[in-house]
Number of protein chains: 2
Amino acid sequence: MSNLTHRKIGSEEKQEDAKPEEVKRILTDIGSEEEMEPLPSNPSGESMPQDQAKIEVLDSVISDLNPRWRNWFVRGVFTLVMILAFGLIVNLGPLAITILILVIQVKCFHEIITIGYVVYKSHHLPWFRTISWHFLLTTNYYLNGESLIEQFSILFRRDNFLSPLVQYHRFISFSLYTAGFMAFVLTLKKTYYLKQFTLFGYTHLALLLIVTQSNLMVQNVFEGLIWFLLPVSLIICNDIMAYMFGFFFGKTKLIKLSPKKTWEGFIGGAFSTILFGFILSIFLCKHKAFTCPLEYDSKTMSWSHDKCNPADMFTLKEFSLPNFLRLLIPNAKLYYRPFDKHVLALSVFASTIGPFGGFFASGFKRAFRIKDFGDTIPGHGGFMDRFDCQVIMATFVNVYIFSFIRSPSPQKMFNQLMAFKNEDQQEFIRLVKNHFGEF
Amino acid sequence: MSNLTHRKIGSEEKQEDAKPEEVKRILTDIGSEEEMEPLPSNPSGESMPQDQAKIEVLDSVISDLNPRWRNWFVRGVFTLVMILAFGLIVNLGPLAITILILVIQVKCFHEIITIGYVVYKSHHLPWFRTISWHFLLTTNYYLNGESLIEQFSILFRRDNFLSPLVQYHRFISFSLYTAGFMAFVLTLKKTYYLKQFTLFGYTHLALLLIVTQSNLMVQNVFEGLIWFLLPVSLIICNDIMAYMFGFFFGKTKLIKLSPKKTWEGFIGGAFSTILFGFILSIFLCKHKAFTCPLEYDSKTMSWSHDKCNPADMFTLKEFSLPNFLRLLIPNAKLYYRPFDKHVLALSVFASTIGPFGGFFASGFKRAFRIKDFGDTIPGHGGFMDRFDCQVIMATFVNVYIFSFIRSPSPQKMFNQLMAFKNEDQQEFIRLVKNHFGEF
């Protein structure tokens, strides 16, 4: 199969429709499997970047360093830049974070679609890019709409202008999707059938992977910023520390798929991540802005967390020491937060299962014979190279909250009841009275 | 790309792992695009089957007929057999229907996976089939579990044995999925990367297409049998009548993708389907067994529709005639059911958008160079050949019910409230009291 890919890329040279720089990057990145093996002199944690030339300001500073340290330096500088930018955006509040997530989602989708477009040589396929973006918009409209409706149901129902958008949300989404589906069927062209179906599937998988996950991440933001900041930071920490431990101590190869990853990096990353998780959570647990879910208040017509009493799990509790210890050190007191066990669960997932997102991405890049998903971030590659593990983490956190954290909310059920018709409200109250008595 | 497929199929001959008969069927079905063009002497509504030889009993009866009529006869006999079998199963009740839907789902998944397995020559891929079936089980466990929990929440919460399965349902599903995902990553093998990723995507698309749709169909059953029987019958009717009209009157080609479909079949099918829809709904609307949703009664601990008053839309109403008509024919009375407009909407969808499911399947079969999805049903092909349009219809009906039919259910909200913890119940009742007064 790999021979076939090779043949395809060699035999067809027309590149009119695709942007020249994209094609050039992906095609120059394609090499034989052997070229992608690790160099013995470079046992670092992850892949080497090839596009430092761009950063002219840094050039003079780093020109004296040898390539290994130059890579280390560029990567480090842009890691700091990204963390700073991230911190600034978080500071702007939940809306800015949501927009950030959506922008990254679109960027990742674009990277993946471009790879499909170039690798499958789809420049002559009628309407493929248009239909792909149409599906992206439709999926976003559907998923984000569902989330918004759940969060702000009362606001929408009262407002006459928006209420049909709410009531018929699924129907509108389905119609949009069906239009795209019909367009796909009607633009099928005899000699391109297999290519068109392959790319149709490819687009849908990109949607499944990127859009649904980014939607879950937005949901996590609404459960309280801590459920977004902590997991994202854990993955970032694990990426950095695995790279560092691999860079300085890496000797034993971890997995064939990603030959630059080492057991030393994996284990060092895991311990650092668990430690970092506890330290970060001490800070996050102290502020209402992080621990309170964003709930919409139907009375003040605004959503805030000012009134919220943070859940019990975020506050310090005294740990009752065993008797023999109390006898030994009479004044010793030990404090803990119930949230600590969740921190441990998230850290362990981030540093053991999380990296499989990265392994999967490595395998994908090898299968499609590309080096990176893009070249947007110097020293790192494309957005998708940086967010491969965030995707699996966001899903885990969402499921975790649903299974272990979220309790049924009386306020939300009350909001639902308010959206009922009068006779349904009366019928419901009758049922409640029958059960609880006349209270 | 089509040349590549050809080369692939020609160049590699080892078939040890796959079942010989499957391979034989799919490989003999693969011909050049030209062989699959329609014969001028065969302007019927759909494709010709090739496997009548199997039905020995019928052989003597039909041996005198020419091939065109023989096909017509076999197809007709097995259409009747399927409709009869379907009727018998419907008679057994909702549980039997649900099992039927699940069995057909598994059969369709098997057909699609087998095509991927043979076409992509995946006999040496480690663990591919096992992982695919694991994902099928996981997806079914997740989706059907969610539906069951919504329907029977009270039963599960009271029962101590089942309650952890309910509470941690998503977490268990996620863990199962993650295990499959990790198994996929760990079984990646150097020379097979592209094949493995392609089949991973292929499996996920099959899941998206088959399992989610069959789950929506089960949901429709619970909304009232009419929401399952009417749309399924409309699609069957449209398939049969389009075939008949095409067979007898077909002249003008409809779409290049499916060269045996004609405008005469399309239009004749549409009118017949709309007429049939109204006739069938007269019968279905009369019986509670069809119109009532299946709701679980927490008092009698059983689910039935005996107590239900069918919704207003299923009962006859008098249509107020315009004045001039009343003067003309003084005793004329006209009756209608509000449900009639839904019948019209479903019939129009089934006969105009529905066939796009069939076009899509035709394109898919051409792309992968197969004649049919299977050979289970003589005269028809595989299960997937018969259910291609049902898939898109089931989704439409589900969205339609959600957008235009289902009103919030006081009983369901009460069941949810019963599943709350005591303090949450009290908090909710406090909110209700504040708003409605002490009632």
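The values are calculated or read from the model by the stated rules, or taken from the named source; none is laboratory data. Everything quoted here is computed from the prediction, not taken from an experiment. Virtual Cβ from ideal backbone geometry, glycine too; neighbours counted across all protein chains shown. Surface areas here come from the heavy atoms of the whole protein model, side chains and all, with no ligands, DNA or RNA. Shrake-Rupley method; radii C 1.70, N 1.55, O 1.52, S 1.80 Å.
Across the protein chains, with a 1.4 Å probe defining accessible surface, the residues B:Ser175, B:Ser233, A:Ser320 rank A:Ser320, B:Ser175, B:Ser233 from largest area downward. Taking only alpha carbon atoms, the stretch B:203-349 gives an Rg to Rh ratio of 1.10, where Rh is the Kirkwood radius.
Share of carbon and sulfur in the accessible area of the stretch B:183-268 stands at 71%, probe radius 1.4 Å. Taking only the C-alpha atoms of the stretch A:97-152, the Rg (one decimal) and the largest Cα-Cα distance, Dmax (whole number), read 13.9, 44 Å. Give the residue list of trypsin sites (Lys or Arg not before Pro) in the stretch B:221-291 that are DSSP loop and have at most 15 other beta-carbon atoms within 10 angstrom. Listed in order of number, the matching sites are B:Lys251, B:Lys256, B:Lys286.
Using a probe radius of 1.4 Å on protein heavy atoms only, what is the accessible area buried between chains B and A, both sides summed, to the nearest 100 Å²? It would help to have the intermediate numbers written out before the result.
On the way: alone 24930 and 24920 Å², together 42250 Å².
Counting both chains, the buried surface is close to 7600 Å².
Label-to-label distances for A:Gln167 across copies, nearest first, come out at 4.0 nm, using points 7 Å from Cα in the beta-carbon direction. Peptides A:217-224, A:336-343 ranked from most to least packed by the mean count of surrounding Cβ atoms within 10 Å: A:217-224, A:336-343. Overall form of the stretch B:115-248: oblate. Here a/c, set by the Cα gyration tensor axes a ≥ b ≥ c, is 1.5 or more, and a/b is not larger than b/c.
For the stretch B:189-241, the gyration tensor built on C-alpha atoms gives an oblate shape. Its axis ratio a/c (a ≥ b ≥ c) is at least 1.5, and a/b is not larger than b/c. Inter-copy label distances for B:Glu318: 8.1 nm (label point placed 7 Å from Cα along Cα→Cβ; shortest first). With Rh defined as the Kirkwood radius, the inverse of the mean 1/r over Cα pairs, the Rg/Rh of the stretch B:379-439 is 1.37.
For peptide A:174-187, how many partner chain Cβ atoms fall within 10 Å of a residue's Cβ, on average?
Values: counts 7, 3, 0, 2, 7, 1, 0, 5, 4, 0, 4, 10, 4, 0.
Average neighbour count from other chains, rounded to a whole number: 3.
The mean number of Cβ atoms from other chains found within 10 Å of a Cβ in peptide B:86-98 is 0, as a whole number. The accessible area of B:Trp133, taken with all protein chains in place and a 1.4 Å probe, comes to roughly 80 Å². Given a 1.4 Å probe, show me the residues in the stretch A:252-268 buried by at least 50 Å² of accessible surface when comparing the whole protein assembly to the chain alone. At a threshold of 50 Å² (probe 1.4 Å), the residues of the stretch A:252-268 that become less exposed are A:Leu257. With a 10 Å cut-off around each Cβ of A:404-411, the average count of Cβ atoms from other chains is 4. The stretch A:333-355 and the stretch A:71-93 have Cα centres lying 24 Å from one another. Three semi-axes describe the equivalent ellipsoid of the stretch A:313-439; taken as square roots of 5 times the Cα gyration tensor eigenvalues and ordered largest first, they are 43, 35, 11 Å.
For the stretch B:423-432, backbone phi angles converted through the Karplus equation (6.51, -1.76, 1.60; θ = phi - 60°) give residue-by-residue couplings of 5, 5, 4, 4, 4, 5, 5, 4, 4, 5 Hz, Gly and Pro being listed as x.
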